[in-house]
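*Asks:* After the structure tokens below, expect a handful of questions from me.
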Amino acid sequence: MKRRTLLTAAASALALGNQAAWAADEVVIGFVYPLTGNGAQVGLDAKAAFETMAEIINGNHAPIPMLMGQGGGLPKLGGAKLKLVFADSQNDPQKARAEAERLITQDKVCAIVGSYTSATAATISQVTERYEIPYISADNSSPSLNQRGLKWFFRTGPHDEMFSRAMFDFMKDAATKTGRAAKSVALFYEDSIFGTDSSNVQRKLAQEAGITIAADIRYRANSPSLSTEAQKLKSANADVILPSSYTSDAILIMRAMAEIGYRPKAVLAQAAGFQEQGFLDGAAALANGVMSRTSFALDATKSRPAIVPANALYRAKNNKDFNDNTSRELTALAVLADAINRAGSTKNTALLDALKATDVPGDNTIMPWAGIKFDETGQNIKCNPVIAQVFDGVYKTVWPFNVAAADVIWNVGT
Amino acid sequence: MLSADIAQVLIGGLLMGLIYALVAAGLSLIFGLMDVVNFAHGELLMLAMYAVFIIWQATGMDPLLQIPLIAVLLAGCGVAIYRGLIARALSVQFNRGMVQIFVTFGLAIFIRGAAQFAFGGEFRSVSKHILANRTLEIGGVFVPVPQLAASIVCLLAFAGLLAISRTEFGRALEATREDRDAVALIGIDRDRIFAMGWGLGIATLGVAGVMLGGFYYVGPNVGASFALIAYVTVALGGFGSLTGALVAGVLIGEVEAITAAVFEPSLKQIGVYAIYMVVLMLRPRGLFGKL
């Protein structure tokens, strides 16, 4: 008898719990990131960025001049609060797939945001497509991701084709400004989807621009040593090295080049590892002068006043400033929350329509972009990247020249 | 390719190969002694590297001066692991081989998780020390000083290990290796020899960790890529053979460097495993294996 009472009580408690979830006082959103393993720090930083945005949306505070910056929950859902559920992909596409499935079937998330590496985004977005809920790509940059005919895929940030195009536009502008053109580039890229896609685009753009490809080096990610790779770069001695690498390899290649007495004329990175604090610390003085494409300009506080209060909140949580990745992650959640709010519910079709109707001006975000508007493939077409350069261990925006916070150091041709 | 470039590739392979050998030495020693493959080898290397970083950060002590300290610390770790886990795993009656695999494998995952919890996922490095960022140039060939120092320490460590094998303790190790039951009859405490073997093996790994710490980044997963190569090194050189580990380490370093130089760098592991499989086919006990 007693046991039955207990069971009944438990069952009704569960039922109540379920009911509470359906009452929409909480909007559950899933996140798949590497929280352990080699990409763990990036994932943990991402988590802090998402929690910062949730704090901005859910909390009561002075309004921040950005999308969903007014606080107090989602107004059109009766002040419903966001609840974030994080899952660990360990940077493994198969684990990412399983975790996405678990988030949808068990945690009943209304959308998934992810996932840092493009290889994991490829599998997660297949799962979300099958279950018909949106996948918001916050920071995956492979151009192929939005060209797979997926209906539920949305990418708020630029992809590597846009990034690479910006890098080549920058090289052209730098040549015009300084009178010293880059005549050759060396491609240096890791062997997964990120590096491969990135190099494919760069190869094409170099040919279009009439720039010689002095070296085309595909290397094995997380190798214990990159000294032979560095030797190949040295032999090629290109005007500009274009690396696409994650953090550990980024540190290693800068050191390996220095060890063999090679100081490259210019390094223009496809962000990723080069944007991480671990790289700036690990490569230390060797990082100075390194340029990287980025989608974020921390120093653009004049035109983007929300950066200061948002960054202060993030800093309080994670003791770091926003970077290329974390700024895009925060923005992705703001865009998703805004769509849920406009949809007025978490119903998938309403959410899909709301996402498609997204049109946010750039100055209503913390990003230096023209804005956020998706094309039919789910790609934001208004996110123009910028180029930043390391000065004494800190990235400063150097291009486009009209928003630059510092003059670019362009050693090519000297 | 210029001759200086070729020399550069070969030097790079040699320097890295000696590091591989030093990392593999402890693994080989423990395996040779008691047929236990320590799957937590890479994680212990990672702990040693973190220890170097933390001591350096707290006191500014140069990594080179930390060698004795880290060696003792890691020897303690080795003895503790043997007494706390391995000895118990070996005392089971059934499936002893499986149990010892799982126990060290579980230990590896535990250490990795604990490191991430304690130190976070950020990559860290010892940026300032006597040898940091120094490079010698000899006839157009560049030799990074931290790696050169690591190679010298590696050779000294191997010389030390070979010297130890000539002492009474070394002979006891050898005897225990050959017949672990018979040694009890002549008054050798097998358990104690095993514990000392673990201490010595892991202390050697600690020395490798110190030298790596001079030029490599540290993160919770840094051990994995070195451990994989260490297993291949031990198998290639012959289980339990120190000379084998030294030769195989250098061979792997060179094959890796040459494959990367001649073919695509992303294929460099293929060269290593190709050599490994050829050796396994022609000489299954490894280059210097006695069994």
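*Asks:* If a/c stays under 1.5 just call it rounded; otherwise compare a/b with b/c (prolate if a/b is bigger, oblate if not). Do that for the stretch B:69-175, with a ≥ b ≥ c from the square roots of the Cα gyration tensor eigenvalues.
*Replies:* Details: a/c = 2.84, a/b = 1.45, b/c = 1.96.
In terms of gyration-tensor shape, oblate.
*Asks:* Would you mind calculating the gained length between residue A:373 and residue A:402 on full extension (0.36 nm times residue separation, minus the Cα-Cα distance), in nm to one decimal? Mind dumping the intermediate values first?
*Replies:* On the way: separation 29, 0.36 × 29 = 10.44 nm, distance 2.33 nm.
That works out to 8.1 nm of additional length.
*Asks:* Taking the Cβ of residue B:271 as the centre, find all other residues whose Cβ is under 14 Å away and add up their charges (Lys, Arg: +1; Asp, Glu: -1).
*Replies:* -1
*Asks:* Rounded, prolate or oblate: pick one for the stretch A:101-250, where a ≥ b ≥ c are the square roots of the eigenvalues of its C-alpha gyration tensor, a/c under 1.5 means rounded, and failing that, prolate if a/b is larger than b/c, else oblate.
*Replies:* prolate
*Asks:* Moving on. May I ask for the Rg/Rh ratio of the stretch B:3-282, computed from Cα atoms with Rh as the Kirkwood radius, given to two decimals?
*Replies:* 0.98
*Asks:* For a quick check: sort A:159, B:129, A:61 by the number of other beta carbons within 10 angstrom, fewest at the front.
*Replies:* Going from sparsest to densest Cβ surroundings: A:61, B:129, A:159.
*Asks:* For n ≥ 4 DSSP H runs only, could you compute -39500 (n - 2.57) per run for the protein assembly as shown, divide by its residues and tell me the 222 nm figure to the nearest 500?
*Replies:* Values: 24 runs with 383 residues, N = 705.
Roughly -18000 deg cm²/dmol at 222 nm, from the helical runs in the protein assembly as shown.
*Asks:* So, in Å, what gap is there between the alpha-carbon centers of the stretch A:308-330 and the stretch B:191-209?
*Replies:* 45 Å
*Asks:* Another one. Once you list every other residue whose beta carbon is under 10 Å from the beta carbon of residue B:16, what net charge do they have if Lys and Arg are +1 and Asp and Glu are -1?
*Replies:* -2
*Asks:* Now for a separate question. What do you get for chymotrypsin sites (Phe, Trp or Tyr not before Pro) in the stretch B:38-115 restricted to DSSP loop and a cutoff of at most 11 other Cβ within 10 Å of the site's Cβ?
*Replies:* Sparse-neighbourhood loop chymotrypsin sites (Phe, Trp or Tyr not before Pro): B:94.
*Asks:* Same structure, new question: With the cut-off at 1.5 for a/c, could you classify chain A from its C-alpha gyration tensor as rounded, prolate or oblate?
*Replies:* Working: a/c = 2.13, a/b = 1.78, b/c = 1.20.
Because a/c hits 1.5 or more and a/b exceeds b/c, chain A counts as prolate.
*Asks:* Pairs A:183/A:234; A:95/A:151; A:151/A:317: which are spaced more than 26 Å apart, C-alpha to C-alpha?
*Replies:* Cα-Cα > 26 Å for A:151/A:317; rest within.
*Asks:* Kindly flag which residue pairs out of A:47/A:172; A:172/B:268; A:47/B:128; A:320/B:128; A:83/A:347 have an alpha-carbon separation exceeding 27 Å in this structure.
*Replies:* A:47/A:172; A:172/B:268; A:47/B:128
*Asks:* Also: Can you pull a Stokes-Einstein diffusion coefficient for the protein assembly as shown at 20 °C (1.002 mPa s), Rh from Kirkwood over Cα pairs, as a whole number of µm²/s?
*Replies:* Result for D is 79 µm²/s.
*Asks:* Moving on. Would you kindly state how much longer the chain becomes between residue B:190 and residue B:114 on full extension, computed as 0.36 nm times their sequence separation minus their alpha carbon distance, in nm to one decimal?
*Replies:* 24.2 nm
*Asks:* Let me confirm one metric for peptide A:214-227, namely the mean number of other chain beta-carbon atoms within 10 Å of its residues' beta-carbons.
*Replies:* 6
*Asks:* Of A:271, A:104, A:194, which is farthest on the positive side of the dipole of chain A, counting Cα position, with +1 on Lys and Arg Cβ, -1 on Asp and Glu Cβ, and the Cα centre as origin?
*Replies:* Towards the positive end, the residue furthest out is A:104.
*Asks:* Who wins for biggest fluctuation among A:341, A:311, A:288 in a Gaussian network model of chain A, springs between alpha carbons below 10 Å?
*Replies:* A:288
*Asks:* Could you size up the charge dipole of the protein assembly as shown around its Cα centre, putting +1 on the beta carbon of Lys and Arg and -1 on that of Asp and Glu, and report it in debye to the nearest 20? Kindly include the intermediate steps, with their values, before the conclusion.
*Replies:* Values: 59 positive and 56 negative charges, 169 e Å.
In debye, rounded to 20, the protein assembly as shown gives about 820.
*Asks:* Give me a single rounded figure for A:246-257: the average over its residues of other chain Cβ atoms within 10 Å of their Cβ.
*Replies:* 3
*Asks:* Listed highest first by mean packing, meaning other Cβ atoms within 10 Å per residue, what order do A:207-219, A:131-143 come in?
*Replies:* Top to bottom by mean Cβ count within 10 Å: A:131-143, A:207-219.
*Asks:* Sorted from largest down, give the three principal axis spans of the alpha carbons of the stretch A:330-414, whole angstrom values.
*Replies:* 58, 24, 18
*Asks:* Using the basic label-point model (7 angstrom from Cα toward the beta carbon), what is the residue A:204 to residue B:65 distance in nanometres?
*Replies:* With each label point 7 Å from Cα toward Cβ, the separation is 5.7 nm.
*Asks:* Next question. Quick check for me: using +1 on Lys/Arg Cβ and -1 on Asp/Glu Cβ, what's the dipole size of the stretch B:113-245 about its Cα centre, in debye to the nearest 20?
*Replies:* Roughly 300 debye for the stretch B:113-245.
*Asks:* Give me the extension gain from residue A:62 to residue A:222: residue separation times 0.36 nm, minus the current Cα-Cα distance, reported in nm with one decimal.
*Replies:* Stretched fully, the residue A:62-residue A:222 segment lengthens by 53.1 nm.
*Asks:* Sticking with this structure for a sec: Average partner chain C-beta neighbours within 10 Å, per residue of B:212-221?
*Replies:* That works out to 5 on average.
Quick note: the coordinates plus some simple rules give every number you see, no bench work behind them. A quick note: this is a predicted structure, and the numbers were derived from the prediction, not measured. When we count neighbours, we look across all protein chains shown, and the Cβ atoms used for this are built from the backbone with ideal geometry, even at glycine.
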